[in-house]
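K.L.:
Got a structure for you, written out below as structure tokens; questions coming shortly.
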Amino acid sequence: MKVKIGSSTLELVQGDITQQDTEAIVNAANRTLLGGGGVDGAIHRAAGPDLLAECRTIGSCDTGDAVITKGYRLKARYVIHTVGPIYHRSGLRAERLLKSAYQRSLEVALANGIRSVAFPSISTGAYGYPLSKAAPLAIRTVANFLEEHPEIELVRFVLFGPKALRAFEEALERLYPSEKV
Ligand code: ADP
């Protein structure tokens, strides 16, 4: 499913983010940037050991912030590492932090002249953020950003399973009811 937001495209697909050919892919990292399970582990495996070596030189990333590295063996030239909130530990800050993770990732993309970005569903795996709440927040945040920044031509959400895809589709249909392309 795809919609146009100004001159940009917001797209939802089911798949594996490590296989994307966008200029950047976003990693749902943890604050240590030392790799982990889930999408983080998959990205490090696909990119090879040089990714971890570069992450070590950066050191860490705060929750809600984002940093950029090269993509090494990935098709994507860059990896933008962001840290989403751990849902049950962040209480009232959860929404603000998840929104910030998406926004900061796009700001970092913009600052590096990147025009196409693929996102996973941040925080909805090990970090326990309910999909039904995370999906509309993710869509709204990215759509608002694209409305203001046509320089980013494509944002693709790469959802790992049918449940995540469905949650994002519902959120997108609700926000842009008649704009499917
Ligand atoms: P977090 O710690 O931010 O919750 P996880 O990696 O545990 O991160 O999960 C985030 C989301 O990424 C989950 O919905 C999970 O199913 C999904 N995911 C896991 N592997 C991949 C992959 N290779 N491509 C895209 N999404 C993935």
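The values are calculated or read from the model by the stated rules, or taken from the named source; none is laboratory data. As the structure is a prediction and not an experimental result, all values here were calculated from the model. Note that each Cβ is placed from the backbone with ideal geometry, even for glycine, and that neighbours are counted across all protein chains shown.
K.L.:
Taking the condition over 14 Å from the mean Cα position of the chain (by Cα), buried (at least 22 other Cβ atoms within 10 Å of the Cβ) and modelled with pLDDT of 95 or more, does Ala47 pass?
P.N.:
yes
K.L.:
Looking at the stretch 2-50, which of the residues that are assigned to a loop (DSSP other than H, G, I, E, B) and among the polar types (S, T, N, Q) is farthest from the ligand (Cβ to nearest atom)?
P.N.:
Of the stretch 2-50, the ones assigned to a loop (DSSP other than H, G, I, E, B) are 6-7, 15-16, 20-23, 29-37, 48.
Filter once more, keeping what is among the polar types (S, T, N, Q): 7, 20, 22, 30, 32.
Numbers: Ser7: 26, Gln20: 9, Thr22: 13, Asn30: 7, Thr32: 12 Å.
Ranking the qualifying residues of the stretch 2-50, first place goes to Ser7.
K.L.:
What residue, among those in the stretch 111-131 that are out of contact with any Gly (no Cβ under 8 Å at 6 or more places or on another chain) and more than 18 Å from Glu11 (Cα to Cα), is farthest from the ligand (Cβ to nearest atom)?
P.N.:
Filtering the stretch 111-131 for residues out of contact with any Gly (no Cβ under 8 Å at 6 or more places or on another chain) gives 111-121, 124, 128, 130-131.
Checking which are more than 18 Å from Glu11 (Cα to Cα) leaves us with 111-113, 124, 128, 130.
Working: Ala111: 23, Asn112: 22, Gly113: 25, Thr124: 4, Gly128: 7, Pro130: 11 Å.
Here the answer is Gly113.
K.L.:
OK, next. For the stretch 95-119: of the residues being outside any helix (DSSP H, G or I) and among the polar types (S, T, N, Q), which is farthest from the chain's Cα centre (by Cα)?
P.N.:
Within the stretch 95-119, the match that is farthest from the chain's Cα centre (by Cα) is Asn112.
K.L.:
Residue by residue through the stretch 6-40, note down the ones that are in contact with a helix residue (DSSP H, G or I) (Cβ under 6 Å, 6 or more places away or on another chain), of a type in the set (S, T, N, Q) and buried (at least 17 other Cβ atoms within 10 Å of the Cβ).
P.N.:
Ser8, Thr18, Asn27
K.L.:
Still on this model: Considering Ala76, Ala53, which residue is under 18 Å from the mean Cα position of the chain (by Cα) and more than 10 Å from the ligand (Cβ to nearest atom)?
P.N.:
Working: Ala53 fails: under 18 Å from the mean Cα position of the chain (by Cα).
When all the criteria are applied, what remains is Ala76.
K.L.:
Please list, ordered by first then second residue, the pairs with beta carbon atoms under 7 Å, 6 or more apart or interchain, first in the stretch 17-41 and under 22 Å from Gln103 (Cβ atoms) and touching a residue at least 40 places away in the same chain (Cβ under 8 Å), second more than 11 Å from the ligand (Cβ to nearest atom) and in a helix (DSSP H, G or I).
P.N.:
Correct list of pairs: Ala24/Ala109; Val26/Ser105; Leu33/Cys55; Leu33/Ile58.
K.L.:
Count, please, the residues in the stretch 98-150 that happen to be under 13 Å from Gly84 (Cα atoms), buried (at least 21 other Cβ atoms within 10 Å of the Cβ) and of a type in the set (A, V, I, L, M). I'd like the intermediate steps shown before the answer.
P.N.:
So the first thing to find is which residues in the stretch 98-150 are under 13 Å from Gly84 (Cα atoms), and the list is 98-105, 119-130, 134, 137-138.
Then keep just the ones that are buried (at least 21 other Cβ atoms within 10 Å of the Cβ); that gives 98, 100-102, 105, 119-124, 127, 129, 134, 138.
Subset that is of a type in the set (A, V, I, L, M): 98, 101, 122, 134, 138.
Selection size over the stretch 98-150: 5.
K.L.:
So, in the stretch 110-157, exactly how many residues are out of contact with any His (no Cβ under 9 Å at 6 or more places or on another chain) and closer than 17 Å to Arg77 by Cα?
P.N.:
Residues that pass the stated criteria total 15.
K.L.:
Which of the residues that make up the stretch 63-94 are closer than 22 Å to Lys133 by Cβ, modelled with pLDDT of 95 or more and not in a strand (DSSP E or B)?
P.N.:
Thr63, Gly64, Asp65, Val83, Gly84, Pro85, Ile86, Tyr87, His88, Arg89, Arg93, Ala94
K.L.:
What are the residues in the stretch 154-181 that are outside any strand (DSSP E or B), of a type in the set (D, E, K, R) and surrounded by fewer than 16 Cβ atoms within 10 Å (Cβ to Cβ), if any? Please lay out each step first, then the result.
P.N.:
Step one: filter the stretch 154-181 for residues outside any strand (DSSP E or B), giving 160-179, 181.
Those still in the list that are of a type in the set (D, E, K, R) too: 163, 166, 169-170, 173-174, 179.
Result: Lys163, Arg166, Glu170, Glu173, Arg174, Glu179.
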